Amino acid sequence: MMSRAEITTEVIDPHALLAHVEDPASGAVVLFLGVVRNHHEGRAVQAMRYDAYDEMAQDSLEEILAEAQERFGVRHLCAVHRVGELGIGEVSVAIAVASAHRADAYEASRYVIEEIKVRLPVWKKEHFEDGTSEWVAGHKPEASAEGGA
Amino acid sequence: MKVRALFFASYREIMGGAEFDVELPDGATVSDLITLLRGRDDAASVLPSDPAVAVNRSYCTSDALLVDGDEVAVIPPVAGG
């Protein structure tokens, strides 16, 4: 069983993620794509910029995948988050999960994206059509009881 | 002791830089570092008094003790995905 997590500046290829998780014992493969959309809270968005604390985000994404594997017993997972300047319709994050049966695959995929949203050290800045840009107000991640090791 | 403070996204704009070294007394906590950072200049005073912080790439509480050589990232509310 393997997990793979990556923070990249390259265009995400969903087929590469599918190839990474496929295996003959998996009857279900779930692919999630986060895509840059053209609106946010009623305002027209032209493009988006993503920044990450790269080294920590890499570790954090691997941890999230390992947790998902532990909790849902899926066979393979991988996830890629892209950073840099992205246009409308481009994929910002992709998660692929393969498992024997679909219930676990769906739940694991959901778990991964929800954890990304609350704890992955990644930020996005929206470039609006009116020429202004704003960092999206996000979620304050929780500290563990012990940290800094 | 010396720690390296890292800033991202909106906090990078507030602090006017991505990273810099900070001198701290022995026994300083994350909270002490934040207080010091906020006092750097008028722009820095906008930094929250209790932001999320990662020390050596793990999220920490504000009472966490720092040691020489720690990498301390001041983390704005995250918005990935």
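Here is a list: B:Asp50, B:Asp63, B:Asp32. Which entry is part of a helix (DSSP H, G or I), over 18 Å from A:Leu120 (Cα atoms) and open to solvent by 20 Å² or more (accessible area, probe 1.4 Å)? Exactly one residue qualifies, and that residue is B:Asp32.
Using the structure shown, decide if A:Glu63 is outside any strand (DSSP E or B), within 24 Å of A:Val136 (Cα to Cα) and either without any contact (Cβ under 8 Å) to a residue 24 or more places away in the chain or touching a strand residue (DSSP E or B) at 6+ places or on another chain (Cβ under 6 Å) (or both). No, not satisfied.
Condition test on A:Phe72, is it open to solvent by 30 Å² or more (accessible area, probe 1.4 Å), among the hydrophobic types (A, V, I, L, M, F, W, C) and touching an Asp or Glu at 6+ places or on another chain (Cβ under 7 Å)? So A:Phe72 fits the description; yes.
A single entry from B:Gly81, B:Gly27 fulfils the requirement of being at positive phi, of a type outside the set (Val, Ile, Thr) and more than 10 Å from every other protein chain (Cβ to nearest Cβ): B:Gly27. Across the stretch A:87-108, the qualifying residues are those that are out of contact with any helix residue (DSSP H, G or I) (no Cβ under 8 Å at 6 or more places or on another chain) and within 14 Å of chain B (Cβ to nearest Cβ), and the one among them that is least open to solvent (accessible area, probe 1.4 Å) is A:Ser92. For the stretch A:24-51, a residue qualifies if it is open to solvent by 30 Å² or more (accessible area, probe 1.4 Å) and closer than 16 Å to A:Ile95 by Cα, and the qualifying residues are A:Val29, A:Leu31, A:Phe32, A:Leu33, A:Val35.
Quick check on B:Ala9: is it open to solvent by less than 60 Å² (accessible area, probe 1.4 Å) and in contact with a helix residue (DSSP H, G or I) (Cβ under 7 Å, 6 or more places away or on another chain)? Spelling it out, it is not the case that B:Ala9 is open to solvent by less than 60 Å² (accessible area, probe 1.4 Å) and in contact with a helix residue (DSSP H, G or I) (Cβ under 7 Å, 6 or more places away or on another chain).
Could we say that B:Gly17 is surrounded by 15 or more Cβ atoms within 10 Å (Cβ to Cβ), assigned to a loop (DSSP other than H, G, I, E, B) and without any contact (Cβ under 8 Å) to a residue 60 or more places away in the chain here? Judged against the criteria, B:Gly17 is not a match.
The values are calculated or read from the model by the stated rules, or taken from the named source; none is laboratory data. Note that the coordinates shown come from a computational prediction; the quantities given were computed from them, not determined experimentally. So basically every Cβ, Gly included, is an ideal-geometry build from the backbone, and we count neighbours across all protein chains shown. Remember, those area values only see protein heavy atoms, side chains included, never the ligands or the DNA or RNA. Shrake-Rupley method; radii C 1.70, N 1.55, O 1.52, S 1.80 Å.
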